[in-house]
Amino acid sequence: MPRKVSIVENIHSANDQLAADNQRKLDDARLFSINIMASPGAGKTSLIEKTLGRLTPNHAVAAIDGDVATSIDADRAAEAGATAVQINTGGQCHIDAPMLSNALGQLDLAEFDLLLVENVGNLICPASFKLGTDKNILIASIPEGDDKPYKYPAMYQDVDALIVNKIDLLPYIDFDMDYFQQGVQMLNPGLITFKVSCTTGEGIDAWITWLREEINHKKSR
Ligand SMILES: Nc1nc2c(ncn2[C@@H]2O[C@H](COP(=O)(O)OP(=O)(O)OP(=O)(O)O)[C@@H](O)[C@H]2O)c(=O)[nH]1
Ligand SMILES: [Mg+2]
């Protein structure tokens, strides 16, 4: 009888242990943190820029950007006012907990009020790897199409909030918002949802209000 090695299980349990360690460090620093996931080009860095524009200089914000290559996104976050760290995954389609742990080691966590983690643009891999952040956020954008909850259910099932970005494009794209929202409701009933445009700024107020509440809640814990 051949022996079986459960590689996937082992990878996930090693990842989960480090995710718990990351969570402890972030809790000790009372630093509210979010893991932003989305397909490539949905507007993750744009949302980070918009958020930084609203929260700095009153809040100290750190951004950790995950990409296969380049420091383009960390440069954008730094330009917008964050203390930024770039993770290059070298081909891996998601950030994992060990990568985040390394990046956290480059920051003095007690200095910050908010940590924004931008995951690699992908609607499949990031859903499987816990990082240890307080909240998992998904950005869906109008040009991706209204069928994405149905086709990528795992990503929609486990997130704590949903941002529907690029609503300024609704007049030009065949996107059935009711069909999209039915799919979301089926997978994640009652999911808190913000409809925004990072280009026009529409809807950003509600997102910032929610973020401020979460930051204050974590600080007062
Ligand atoms: N029309 C419109 N364009 C947007 C909006 N938000 C972002 N974009 C554009 O979408 C493109 C991608 O935006 P990014 O913020 O770089 O997307 P991303 O998700 O960070 O991309 P990756 O990190 O490469 O996965 C850019 O050209 C943005 O200007 C929006 O609300 N409306
Ligand atoms: Mg980006």
Fill in the blank from the handout: Of every hundred units of 1.4 Å-probe accessible area on the chain, the number belonging to carbon and sulfur atoms, as a percent, is 49 percent
Practice task
Mind checking which lysines have their Cα closer than 28 Å to the Cα of K50? Skip sequence neighbours fewer than 8 apart in that chain.
Solution key: K25, K130, K135, K148, K166, K195, K218, K219
Handout entry: Cα Rg, Dmax, the chain, angstrom units
Key = 17.3, 64
Completion exercise
Per residue, accessible area of the chain with a 1.4 Å probe, heavy atoms of protein chains only, in Å², comes to 48 Å²
Problem - At 1.002 mPa s and 20 °C, Stokes D of the range 36-128 from Kirkwood alpha-carbon radius, µm² per second - result: 163 µm²/s
Problem - Convex hull of Cα atoms in the range 54-184, direction-averaged projection (nm²) - result: 8.9 nm²
Fill in the blank from the handout: Toy charge model, Lys and Arg Cβ at +1, Asp and Glu Cβ at -1: the range 1-85 dipole around Cα centroid in debye, rounded to 20, equals 220 debye
Handout entry: Whole-percent pair-distance distribution, where bins are 5 Å wide, for the alpha carbons of the range 103-143
Key = 5, 14, 28, 22, 14, 11, 4, 1
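The values are calculated or read from the model by the stated rules, or taken from the named source; none is laboratory data. These figures come from a predicted structure and were not determined experimentally. Glycine also receives a Cβ, built like all others from the backbone with ideal geometry; neighbour counts cover every protein chain displayed. With ligands, DNA and RNA removed, areas are computed over all heavy atoms of the protein, side chains included. Shrake-Rupley method; radii C 1.70, N 1.55, O 1.52, S 1.80 Å.
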